[in-house]
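Engineer: One structure is given below, represented as structure tokens, and several questions about it will come after.
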Amino acid sequence: MAVLVDGKEYNVPQGASCSDVLKTALSGKKFKALAACRLNGRPADLSTPLDACLASDAACGLEPITADSPEGLEILRHSTAHVMAAAVKSLFPEARVAIGPSIENGFYYDFSYSRPFSTEDFEAIEARMRELAARDLPFVRNELPRDEALRFFIGQGESYKQALIADLPDERVSLYACGDFVDLCRGPHVPRTGLLGAFKLLSTAGAYWRGDEKNAMLSRIYGTAFADEKALKDYLHRLEEAKRRDHRKIGKELDFFAFHEEAAPGMVFWHPKGMLVRTILEDFWRREHLRRGYELVQGPQLLRRELWERSGHYDNYRENMYFTAIKQDDESREPEIHGIKPMNCLSHMLIYRGRLRSYRDLPQRYFELGVVHRHEKSGVLHGLLRVRQFTQDDAHIICTPDQLEEEIIGVSALVRDLMHLFDFSYKVAVSTRPEKSIGSDEDWERATKALVGAIERAGMPYTINEGDGAFYGPKIDVRLLDSLGREWQCSTIQCDFTLPERFDLVYVDANGERRRPVMVHRAIMGSLERFIGVLIEHYAGALPVWLNPVQARLLTVTDAQHPFALEAKEALAAGGFRVEADLRNEKLGFKVREAQVEKIPYILVVGDKEVEARGVNVRLRSGENLGLKSLPDVIELLRADCQKPFKRGGMRYNFSYY
RNA sequence: GCCGGCGUGGCUCAAUCGGUAGAGCAGCUGAUUUGUAAUCAGCAGGUUGCGGGUUCAAUUCCUGUCGCCGGCUCCA
């Protein structure tokens, strides 16, 4: 039989498998690097007879997938997960297997066992995996009618596999055997265990069966695999680097903020340096909103329970809310209950309702840096990225249905400009109507169209999350990537049909008739706490100059330069910059080190030479030394550095602090 | 909330088999006047998260609780 590979024709025996073809085609080449192959664009299963692969395509281009391609890595990791399961089953025969997919940076497999697995088991499991790899066992695919497969797993006592088969729609299912271990699996896999790359088990965790907290907790083992040792090492190195730039660690080192767990778990104590960063960010953001036609408002922290009952929060969100109970003078009466706000929308609606609005007044755009409290479950707290008290850069836009799309375009522009300002990578998703929802089809359709139309006109790539919207309306979510590759939701733009209804918001149209406006909830940074946490990781603590709490520090060599250092400090401060002078009687190397550790952008050394020239020696936090500069030159450098990120578009830099 | 791990000076970490807590950095005091990532010396600092239990004796073992870390679920 003749097969075309890489444009060349090869003769292979009848009944050969894909991997045989590949071996023939690539004899002499580095077969070890090949995990699988692709047939006419689809990954081919190397353990399947070639005929089956070719059944649908007469003329077949067989194209290798290398183990370091994204597709190849996925196959490699999935196969490694199988081998891990095989190793676990051989060491712990009582363990039952659940699922074991490849994931973004590796793979996992979930097991059910009499005790959870721990990292102490890793040595034995990895050793067994290496044995299985050394034996170069083939992965053998076998297709069975589902009944037969079901009987097989019943015989094996694999209850989770039985449950999986029960949910499969297919009449025939595929099994993969690797040594004694047979798993329900769609494939594809590497042909033989000898083709596994470099792998390492990383951690264990509890995970619910099928991700549902009502189900049993399984024991999950995470691992990773790469084409070769070097790629694995690079990855482990990247993990270390990510740990190094953990915002919790850097926040402590730079004295930006702290937590006092004994006093207020999940709530931030902002120290002076961190509070300065926050203040600068807040002021910048308020100005940007005013510039874009928002109005600043602020509502109270507590609202009476009746308000939360009317909004529906009391029914739907109570377990996440904090309440206060004020004892009445008359002891027999129920205490008066206030809810501490978990959201800012109610106040904004009350402000809107303060008087009758005309269509000429719309849109109303209310902006508030609103402090909200949400009692998050204890296990989910995570530094600044997940807290119980946080500040939303929240706005509510109340507009006519006709204005909706235009308003959302404005909001997406704000999202885009902010992401550009910080050079963030982000993902946009539109979430559509969920099963459990309220409102008319017409409302949903119009709002969804407005959202999609707006981000298309803004030129943003996006995905659709079918059925993932809020019950009260569709939404746009924007997720940032942190240094560990984890995604954090920051911006969110949500249409709401419910609250205007519940709170009877109206405007008077051109015909004098009362109409229902649409409300858009939106937050761009999401929460200042989370956003600053992501910023710290993004920049590894070396914040952009305009945002760094200390922009320049003067270091004297000896006491003799004190007067000039103070003079220079005044001059730079008068230029609008945040400057410190380190006059301590310490060696220069020591002061430089401290300034470097604090990630101060401009380290300005003053010795006798500089005093004489009435300048400073400029060292950047990168370590680069710019040599002797006059004070006006330094001011110019600082100014240019502050303005640089704003040149990318949209945003304006026009403020100073000291 | 669930599964697992961990709580020792402000921070980072030690303390054999259970024998009564030790270092570096930071801090304070003094000396030193120094040229681009750590000058030297001295001093001070702890009810080992908190409660209960076992023991002659608990940082160490058991238990409860609070918190943190890694995940799961949820989420800005």
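Engineer: Select from the range A:411-435 the residues that are buried (at least 18 other Cβ atoms within 10 Å of the Cβ), over 25 Å from A:L547 (Cα atoms) and of a type outside the set (S, T, N, Q) and write down the one among them that is modelled with the lowest pLDDT.
Structural biologist: Looking at residues that are buried (at least 18 other Cβ atoms within 10 Å of the Cβ), over 25 Å from A:L547 (Cα atoms) and of a type outside the set (S, T, N, Q), I get A:R433.
Engineer: Next up: For the structure I just gave you, tell me whether A:G274 is small (G, A, S) and within 20 Å of the chain's Cα centre (by Cα). Break it down into steps so the answer makes sense when it comes.
Structural biologist: On the way: small (G, A, S): yes; within 20 Å of the chain's Cα centre (by Cα): no.
No.
Engineer: Also: May I ask you to list the residues in the range A:490-539 that are β-branched (V, I, T) and over 33 Å from the mean Cα position of the chain (by Cα)? Outline the logic, then answer.
Structural biologist: Taking the range A:490-539 first, the residues β-branched (V, I, T) are A:492-493, A:498, A:506, A:508, A:518, A:520, A:524, A:532, A:534, A:536.
A:V506, A:V508, listed by residue number.
Engineer: Inspect all residues belonging to the range A:384-391 and state whether any of them is surrounded by 18 or more Cβ atoms within 10 Å (Cβ to Cβ) and under 20 Å from A:R292 (Cα atoms).
Structural biologist: Within the range A:384-391, not a single residue is surrounded by 18 or more Cβ atoms within 10 Å (Cβ to Cβ) and under 20 Å from A:R292 (Cα atoms).
Engineer: Let me ask something else about it. Among the residues of the range A:277-307, write down those that are of a type in the set (A, V, I, L, M, F, W, C) and within 28 Å of A:F256 (Cβ to Cβ). Before the answer, list the steps.
Structural biologist: Of the residues in the range A:277-307, the ones of a type in the set (A, V, I, L, M, F, W, C) are A:277, A:280-281, A:284-285, A:290, A:296-297, A:302-303, A:307.
Listed by number, the residues that qualify are A:V277, A:I280, A:L281, A:F284, A:W285, A:L290, A:L296.
Engineer: Here's another thing I want to ask about it. Hey, any hits in the range A:337-354 for a residue that's touching a strand residue (DSSP E or B) at 6+ places or on another chain (Cβ under 6 Å), of a type in the set (S, T, N, Q) and away from RNA strand B (no atom under 16 Å from the Cβ)?
Structural biologist: Among the residues of the range A:337-354, not one is touching a strand residue (DSSP E or B) at 6+ places or on another chain (Cβ under 6 Å), of a type in the set (S, T, N, Q) and away from RNA strand B (no atom under 16 Å from the Cβ), which makes the answer no.
Engineer: Sticking with this structure for a sec: Only one of A:V268, A:V277, A:V297 is under 17 Å from A:G526 (Cα atoms), of a type in the set (A, V, I, L, M, F, W, C) and touching an Asp or Glu at 6+ places or on another chain (Cβ under 9 Å); which? If you could, list the steps in order and put the result at the bottom.
Structural biologist: Numbers: A:V277 fails: touching an Asp or Glu at 6+ places or on another chain (Cβ under 9 Å); A:V297 fails: under 17 Å from A:G526 (Cα atoms).
The conditions single out A:V268.
Engineer: Does A:L554 satisfy the condition of being near RNA strand B (Cβ under 8 Å from one of its atoms), under 26 Å from A:G251 (Cα atoms) and among the hydrophobic types (A, V, I, L, M, F, W, C)? Break it down stepwise before answering.
Structural biologist: Values: near RNA strand B (Cβ under 8 Å from one of its atoms): no; under 26 Å from A:G251 (Cα atoms): yes; among the hydrophobic types (A, V, I, L, M, F, W, C): yes.
No; evaluated as a whole, the condition is false for this residue.
This table checks each residue for (1) modelled with pLDDT of 95 or more; (2) under 24 Å from A:Q489 (Cα atoms).
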{"residue": "A:S332", "(1), (2)": "no, no"}
{"residue": "A:P335", "(1), (2)": "no, no"}
{"residue": "A:S358", "(1), (2)": "yes, no"}
{"residue": "A:H382", "(1), (2)": "no, yes"}
{"residue": "A:R386", "(1), (2)": "no, yes"}
{"residue": "A:I398", "(1), (2)": "yes, yes"}
{"residue": "A:D402", "(1), (2)": "no, no"}
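Engineer: Here's a check for you: in the range A:369-400, which residue that is small (G, A, S) and near RNA strand B (Cβ under 7 Å from one of its atoms) is farthest from A:H313 (Cα to Cα)? Steps first, answer last, please.
Structural biologist: Restricting attention to the range A:369-400, the residues satisfying the condition of being small (G, A, S) are A:370, A:378-379, A:383, A:395.
Restricting the remaining residues to those that are near RNA strand B (Cβ under 7 Å from one of its atoms) gives A:378-379, A:383.
Details: A:S378: 21, A:G379: 23, A:G383: 26 Å.
Once the filter is applied, the top-ranked residue is A:G383.
Engineer: Among (1) without any contact (Cβ under 8 Å) to a residue 40 or more places away in the chain; (2) over 30 Å from A:L543 (Cβ atoms), there is one condition A:Y222 misses while meeting the rest; what is its number?
Structural biologist: (1)
Engineer: Within the range A:506-539, track down each residue that is surrounded by fewer than 18 Cβ atoms within 10 Å (Cβ to Cβ) and either within 11 Å of RNA strand B (Cβ to nearest atom) or at negative phi (or both).
Structural biologist: Keep residues of the range A:506-539 that are surrounded by fewer than 18 Cβ atoms within 10 Å (Cβ to Cβ), which gives A:506, A:508-516.
Passing the criteria: A:V506, A:V508, A:D509, A:A510, A:N511, A:E513, A:R514, A:R515, A:R516.
Engineer: Pick from A:V173, A:V190: which is among the β-branched types (V, I, T), buried (at least 17 other Cβ atoms within 10 Å of the Cβ) and not in a strand (DSSP E or B)? Working first, answer last.
Structural biologist: On the way: A:V173 fails: not in a strand (DSSP E or B).
The conditions single out A:V190.
Engineer: Suppose we filter A:R135, A:R96 for residues that are in contact with a helix residue (DSSP H, G or I) (Cβ under 8 Å, 6 or more places away or on another chain), at pLDDT 90 or above, under 25 Å from A:A205 (Cα atoms) and charged (D, E, K, R); which single one remains?
Structural biologist: A:R96
Engineer: Just to confirm my filter: which strands (runs of 3 or more DSSP E) fall fully inside the range A:474-566 and include at least 1 residues that are free of Cβ contacts under 8 Å to residues at least 60 places away in the same chain? If you could, list the steps in order and put the result at the bottom.
Structural biologist: Details: elements: A:475-481, A:487-496, A:518-527, A:552-556.
Here the list reads A:475-481, A:487-496, A:552-556.
Engineer: Right, another one. Within the range A:324-350, how many residues turn out to be outside any helix (DSSP H, G or I) and under 16 Å from A:L369 (Cβ atoms)?
Structural biologist: Of the range A:324-350, the ones outside any helix (DSSP H, G or I) are A:324-344.
In the following step, the residues that additionally are under 16 Å from A:L369 (Cβ atoms) were identified as A:341-344.
The qualifying residues number 4.
Engineer: Against the definition (outside any loop (DSSP other than H, G, I, E, B), more than 24 Å from the chain's Cα centre (by Cα) and either more than 30 Å from A:D504 (Cα to Cα) or acidic (D, E) (or both)), how does A:D315 come out, yes or no?
Structural biologist: Numbers: outside any loop (DSSP other than H, G, I, E, B): yes; more than 24 Å from the chain's Cα centre (by Cα): yes; either more than 30 Å from A:D504 (Cα to Cα) or acidic (D, E) (or both): yes.
Yes: the conditions hold for A:D315.
Engineer: Helices (runs of 4 or more DSSP H) wholly in the range A:224-306 with at least 2 residues that are more than 24 Å from A:L385 (Cα to Cα) - which ones? Step through it out loud before you land on a result.
Structural biologist: Working: elements: A:229-244, A:247-253, A:272-291.
By residue number, A:229-244, A:272-291.
Engineer: Quick one: which residue in A:K252, A:K200, A:K233 is within 28 Å of A:S112 (Cα to Cα) and either touching a residue at least 60 places away in the same chain (Cβ under 8 Å) or of a type outside the set (S, T, N, Q) (or both)?
Structural biologist: Working: A:K252 fails: within 28 Å of A:S112 (Cα to Cα); A:K233 fails: within 28 Å of A:S112 (Cα to Cα).
The match here is A:K200.
Engineer: Hey, another quick one. When you check A:Y366 against the structure, is it of a type in the set (F, W, Y), buried (at least 18 other Cβ atoms within 10 Å of the Cβ) and within 25 Å of A:V430 (Cβ to Cβ), yes or no?
Structural biologist: Details: of a type in the set (F, W, Y): yes; buried (at least 18 other Cβ atoms within 10 Å of the Cβ): yes; within 25 Å of A:V430 (Cβ to Cβ): yes.
When the stated conditions are applied, A:Y366 passes them.
Engineer: Can you name the number of the only condition in (1) surrounded by 15 or more Cβ atoms within 10 Å (Cβ to Cβ); (2) more than 9 Å from RNA strand B (Cβ to nearest atom) that A:H237 fails?
Structural biologist: Every condition holds for A:H237 apart from (1).
Engineer: Given the conditions (1) loosely packed, with under 15 Cβ neighbours inside 10 Å; (2) more than 30 Å from A:K591 (Cα to Cα), and given that A:T558 satisfies all but one, which numbered condition is not satisfied?
Structural biologist: (2)
Engineer: Within the range A:620-650, can you find the residues that are loosely packed, with under 14 Cβ neighbours inside 10 Å and not aliphatic (A, V, I, L, M)?
Structural biologist: Across the range A:620-650, the qualifying residues are A:S622, A:G623, A:E624, A:N625, A:G627, A:S630, A:P632, A:E636, A:K644, A:K647, A:R648, A:G649.
Engineer: Could you tell me whether A:V182 is in contact with a Lys or Arg (Cβ under 9 Å, 6 or more places away or on another chain) and not in a loop (DSSP other than H, G, I, E, B)? Can you show your working first?
Structural biologist: Values: in contact with a Lys or Arg (Cβ under 9 Å, 6 or more places away or on another chain): no; not in a loop (DSSP other than H, G, I, E, B): yes.
The answer is no for A:V182.
Engineer: Pairs only if they're at least six apart or on different chains, beta carbon under 6 angstrom, first in the range A:612-624 and among the small types (G, A, S), second crowded, with 17+ Cβ neighbours inside 10 Å; list them, first residue then second.
Structural biologist: Listed pairs, sorted by first residue: A:G615/A:K629.
Engineer: Could you tell me which numbered condition A:L362 fails, if it satisfies all but one of (1) touching a Gly at 6+ places or on another chain (Cβ under 9 Å); (2) within 16 Å of A:C495 (Cβ to Cβ)?
Structural biologist: (1)
The values are calculated or read from the model by the stated rules, or taken from the named source; none is laboratory data. None of these values were measured; they are calculated from a predicted model. Neighbour counts run over all protein chains shown; Cβ positions are idealised from the backbone, glycine included.
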